[in-house]
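A short write-up of the structure that comes next.
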Amino acid sequence: MRVVLAEDLYLLRTGLEKLLAAHGFDVIEAVDSGPALLDALVRRQPDVAVVDVRLPPTFTDEGLRAAIEARRQVPGLPVLVLSQYVEQLYARELLADRAGAVGYLLKDRVFNDDQFTDAIRTVARGGTVMDPEVVGKLLGRRARDEPVARLTAREREVLALMAEGRSNSAIAQRLSISEKAVSKHSTSIFMKLDLAPSEDDNRRVLAVLAYLNA
């Protein structure tokens, strides 16, 4: 699997390259700035990008903005954000792209190799992976907005766990309820968010993205 890596800290960038290589990934380019990231993503079109948010030259949200622009030029380009920070404005824009294949992990909450590499593979396959803290910060501020206001507290809990990429079985275990109850809550969520059945769209992903759309 071909990976473009963006990280401005030399030691961390080198460490990530070695970790990914050890797990069978091919890091085709490792860059340390926003402009270099945009160029690499558009030119190389990797299977997945692993991107830090704060890159030179601004050290603000350069990485996220480069990833968003790359996905405009290469629709559906898989991007996994790996950062210490939750940049809400551009993170919401990235995650609200209905093409999917996006993720957002916090560096200090990645606890082992498997968690990290599984997230990369999920995003590369077109999935959506978000750290629970990211979910809370991005979605919590919209709790009073329509159509989110239609959801019950339990339905919001189920949806937040969906956002983490959990199956119905895993959600049931986490909330100590039955899978049948999770299925019932999921159906209710889809209805309240006006997500009609579709053969083409993953309603679980669309339900999460409905929270993020402006």
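The values are calculated or read from the model by the stated rules, or taken from the named source; none is laboratory data. Being a predicted model, the structure only gives us computed values, none of them experimental. No Cβ is skipped: glycine too gets one built from the backbone with ideal geometry, and neighbour counts run over all protein chains shown. Each accessible area value is taken on the protein alone, full model and side chains, heavy atoms only, with ligands, DNA and RNA left out. Shrake-Rupley method; radii C 1.70, N 1.55, O 1.52, S 1.80 Å.
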All positions within the stretch 1-12 that are crowded, with 18+ Cβ neighbours inside 10 Å and without any contact (Cβ under 8 Å) to a residue 40 or more places away in the chain: none
Test for residue 22: is it closer than 14 Å to residue 78 by Cα, aliphatic (A, V, I, L, M) and either modelled with pLDDT of 95 or more or crowded, with 19+ Cβ neighbours inside 10 Å (or both): no
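Any chance you could count how many residues in the stretch 72-94 are in contact (Cβ under 8 Å) with a residue 24 or more places away in the chain and open to solvent by 10 Å² or more (accessible area, probe 1.4 Å)?
Pass one, the stretch 72-94, residues in contact (Cβ under 8 Å) with a residue 24 or more places away in the chain: 73-94.
Retained after the next criterion (residues that are open to solvent by 10 Å² or more (accessible area, probe 1.4 Å)): 73-76, 78, 82, 84-90, 92-93.
Qualifying residue count, the stretch 72-94: 15.
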Selection within the stretch 64-93 - within 20 Å of residue 126 (Cβ to Cβ) and in a loop (DSSP other than H, G, I, E, B): 74, 75, 76, 77, 78
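So that you can scan it fast, the table gives a plain yes or no per residue for (1) of a type in the set (A, V, I, L, M); (2) at pLDDT below 85; (3) open to solvent by 10 Å² or more (accessible area, probe 1.4 Å):
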| site | (1), (2), (3) |
| --- | --- |
| 96 | yes, yes, yes |
| 99 | yes, yes, yes |
| 130 | yes, yes, no |
| 141 | no, yes, yes |
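What about residue 60, is it β-branched (Val, Ile, Thr), open to solvent by 30 Å² or more (accessible area, probe 1.4 Å), part of a helix (DSSP H, G or I) and more than 20 Å from residue 131 (Cβ to Cβ)?
Working: β-branched (Val, Ile, Thr): yes; open to solvent by 30 Å² or more (accessible area, probe 1.4 Å): yes; part of a helix (DSSP H, G or I): no; more than 20 Å from residue 131 (Cβ to Cβ): yes.
So residue 60 does not fit the description; no.
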Check on residue 29, under 17 Å from the mean Cα position of the chain (by Cα) and either farther than 18 Å from residue 3 by Cβ or open to solvent by 30 Å² or more (accessible area, probe 1.4 Å) (or both): no
Where residue 90 falls short, out of the listed (1) at negative phi; (2) over 16 Å from the mean Cα position of the chain (by Cα); (3) aromatic (Phe, Trp, Tyr): (2)
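Residues 67, 99: which one is touching a strand residue (DSSP E or B) at 6+ places or on another chain (Cβ under 8 Å) and of a type in the set (A, V, I, L, M)? Steps first, please.
On the way: 99 fails: touching a strand residue (DSSP E or B) at 6+ places or on another chain (Cβ under 8 Å).
Criteria check complete, one pass: 67.
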